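One structure is given here, and the rest of the page talks about it.
The numbers here are math on the coordinates, done by the rules we state, and not lab data. Nothing here was measured: the structure is a model prediction, and the numbers come from that model. For neighbour counting, all protein chains shown are included, and Cβ atoms are generated from backbone atoms with ideal geometry for every residue, glycine included.
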Amino acid sequence: MNEEKVWKELEERLSSYQAIETALTLLEWDSATLAPKKADQKTARMVGILSEMSFQALINDDVRKLKDKLAKKGTELSKIQRAVLRELERQYAKLEGIPPEEYRAFSELKATANRIWSDAKEAGSFDAFAPALEKIVEYQKKFADYRRKANPGKSRYDILLSDYEPEFDCEKLDEFFGLIKQELVPFIHQIIPKARMVDKTYNGHIFDVEKQKRFCEFLAEYTGFDRDRGVFSESAHPFTTNLHNEDVRITNHFQRNQLESAIFSVIHETGHAVYELQIADDLTQTLVGVGASMAMHESQSRFYENIMGRSREFWKPIYGKLQETFPEALSEVSLDAFIKGINRPEFSMIRTEADELTYPLHILVRYEIEKELMDGSLSVCQIPEVWNKKYKEYLGGEPKDDAEGALQDVHWSGGEFGYFPSYALGSAIAAQLYETIRQEIPFTMYLEEGNIEKIKKYLGEHIHRYGAVKGTNQLLKEVTGEEFSPRYYIEYLKRKYTKLYDSKQ
Ligand code: ZN
């Protein structure tokens with residue numbers, strides 16, 4: 001059989017796998033948005049069955065033979081073909097050692113754990129979530145151990161981290177967080193007392209939820225969301241998902257006494273959505289038709305949310321519209337006061353509502369806890385105590401209950417250990433990209449003109465269209481001329497926050 005035929009056959013197999021994955025994505029989206037509360041148990045059983053089918057569509061002797069045949073061809077293959085094979089190898093390394101029935105049981109468990117977590121969070125009781133979380137942790141440890149057989153030098157947590165960002169392990173992350181502790185923590189302690197003078201009482205007003213929704217839809221479209229290729233919905237925890245590059249979905253959540261949360265969540269999710277919308281047609285619905293890594297993905301959403309969305313230039317053309325929508329809260333608040341308000345750093349308890357400056361400390365807490373959970377030095381029942389201790393140490397206070405503490409994030413209920421560092425890395429990558437972008441295009445002018453399209457186009461051409469064909473460091477090297485370097489992040493934050501809260505002008 002010649003390689004073209006072999007490739008066609010592999011492509012067909014992978015399409016079947018994609019089809020099942022698409023159905024699973026849709027079910028997951030449905031559970032988080034529209035499905036009734038009682039649907040969970042029975043739907044979870046179907047999710048378990050579909051997950052096992054998806055597993056077997058990918059991991060089987062036929063696909064393995066086709067993959068191995070093509071791997072020998074090396075340079076005769078196109079760039080995309082080689083990238084698909086590389087991704088397929090990664091999936092094999094991840095899944096091959098797991099017995100399919102264990103994979104199915106774990107998928108079923110995850111599909112029910114989300115509701116257990118959200119009920120526990122509502123009740124503020126970690127104990128109500130702990131038994132499910134214990135099972136999830138045990139599965140993840142076991143699965144990581146299967147994979148360690150081929151990578152004896154790696155820790156369990158290294159293995160899990162590689163699912164979200166293959167180019168960063170604990171050693172690199174320890175270095176990254178070490179720099180944050182050394183450089184940012186003293187700066188934060190110096191700037192917070194100064195920023196305390198800034199008033200943001202506007203945030204305590206009542207904001208009509210319907211008006212918030214309309215304004216957030218405007219913001220999404222203003223920043224590049226395409227309604228013909230995407231939909232909005234609501235969920236407990238905002239997220240983005242997609243079936244392919246012509247069906248990208250974002251959710252948001254709304255609180256009557258909080259405006260900032262919905263606004264910055266929608267800008268963040270639009271950053272993810274725009275990435276997915278701009279992935280090239282010949283990649284979408286293949287194994288490389290996704291972002292380069294979760295850290296790269298978060299770099300785009302954090303770029304949207306913070307570097308663009310919390311800048312004065314971004315709000316200049318549209319702040320009037322926000323004031324008109326919420327005149328009681330904002331008509332007396334100047335643009336400058338609003339910008340100082342939305343950036344004001346403070347020691348707070350909730351990650352998703354944290355300012356840009358203290359944000360990496362929230363990630364540091366989770367990183368340290370996950371590492372210890374996976375190496376076995378910390379047990380699930382100890383999490384709240386350790387969580388509260390670390391918050392006191394890094395963020396100056398303890399949460400009032402578990403809902404505000406260890407139960408605040410959805411990730412662990414989905415078994416996503418190793419995801420959190422992507423947020424902090426993403427923020428750092430965004431700052432590095434920004435350093436180049438502001439020299440290459442008239443970034444400030446585009447924002448002031450409301451011309452986000454031009455910025456979106458730049459990101460599309462340099463990053464998004466490649467999907468996962470190129471890795472994080474390769475993309476960074478091509479755009480900025482060097483591999484990952486966190487110093488841009490530290491410099492960016494110090495520059496921005498000094499200008500906002502510690503300058504004499
Ligand atoms: Zn995100």
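Say each of residue 453 and residue 439 gets a label point 7 Å from the Cα, pointing the same way as Cα to Cβ; how far apart are those two points in nm?
The modelled label-to-label distance comes out at 2.9 nm.
Angle between the Cα long axis of helix 170-179 and the longest principal axis of the chain, 0 to 90 degrees, nearest 10?
Once rounded, one gets 10 degrees.
What is the calculated FRET efficiency for residue 68 to residue 171, with r their C-beta to C-beta distance and R₀ = 30 Å, to the nearest 0.05?
That pair, residue 68 with residue 171, gives E of 0.40.
Using a 10 Å cut-off on Cβ atoms, rank the peptides 428-439, 27-38, 67-78 from the highest mean neighbour count down.
Ranked from most to least packed, the peptides come out as 428-439, 27-38, 67-78.
Working from the alpha-carbon coordinates of the stretch 13-109, get Rg over Rh, Rh being the Kirkwood radius.
1.07
Give me the net charge of residue 277's neighbourhood, meaning all other residues with Cβ under 13 Å from the Cβ of residue 277; Lys, Arg count +1, Asp, Glu -1.
-3
Using Cα pairs under 8 angstrom and six or more residues apart, how large is the relative contact order of the stretch 212-315, in percent?
Relative contact order here is 24 percent.
Under the 0.36 nm per residue contour assumption, what length would be gained going from the current alpha-carbon distance of residue 30 and residue 4 to full extension?
Contour length minus the Cα-Cα distance gives 5.5 nm.
Dipole magnitude of the chain about its Cα centre, charges +1 at Lys/Arg Cβ and -1 at Asp/Glu Cβ only, in debye to the nearest 20?
480
Simple spin-label model, 7 Å along Cα-to-Cβ: residue 80 to residue 389 in nm?
The modelled label-to-label distance comes out at 5.3 nm.
What does the charge count near residue 259 come to, summing +1 for each Lys or Arg and -1 for each Asp or Glu among other residues with Cβ under 11 Å from its Cβ?
That sum, taken over residues with Cβ under 11 Å, equals +1.
Can you tell me how much longer the chain between residue 41 and residue 127 gets when fully stretched, taken as 0.36 nm per residue apart minus their C-alpha distance, in nm with one decimal?
28.9 nm
For the chain, taking Cα atoms only, what is the radius of gyration to one decimal and the Dmax to the nearest whole Å?
22.7, 74
Using the Cα centre of the chain as origin and beta-carbon charges of +1 (Lys, Arg) and -1 (Asp, Glu), tell me which of 323, 459, 486 is placed farthest towards the positive end of the dipole.
In the chain, that residue is 486.
If amide hydrogens are placed 1.01 Å from N in the peptide plane, which non-local residues have theirs closer than 5 Å to the one on residue 258?
Excluding prolines and chain starts, which carry no amide H, the hits are 207.
Report the relative contact order of the stretch 2-95, percent, no decimals, based on alpha-carbon pairs under 8 angstrom and at least 6 residues apart.
Dividing the mean separation by the residue count of the stretch 2-95 yields 43 percent.
Taking Cα atoms, how many degrees apart are the long axis of helix 79-95 and the longest axis of the chain, rounded to 10 and kept between 0 and 90?
80
Under a point-charge model restricted to the Cβ atoms of Lys and Arg (+1) and Asp and Glu (-1), what is the dipole moment magnitude of the stretch 99-199 relative to its Cα centre, in debye to the nearest 20?
80
Over 22 Å between Cα atoms, which of 94/456; 389/494; 172/371; 69/94 qualify?
In this structure, 94/456; 389/494 lie more than 22 Å apart at Cα.
Cα-based Rg of the stretch 109-226 per 2.2 N^0.38 Å, rounded to two decimals?
Normalised by 2.2 N^0.38 Å, the Cα Rg of the stretch 109-226 equals 1.61.
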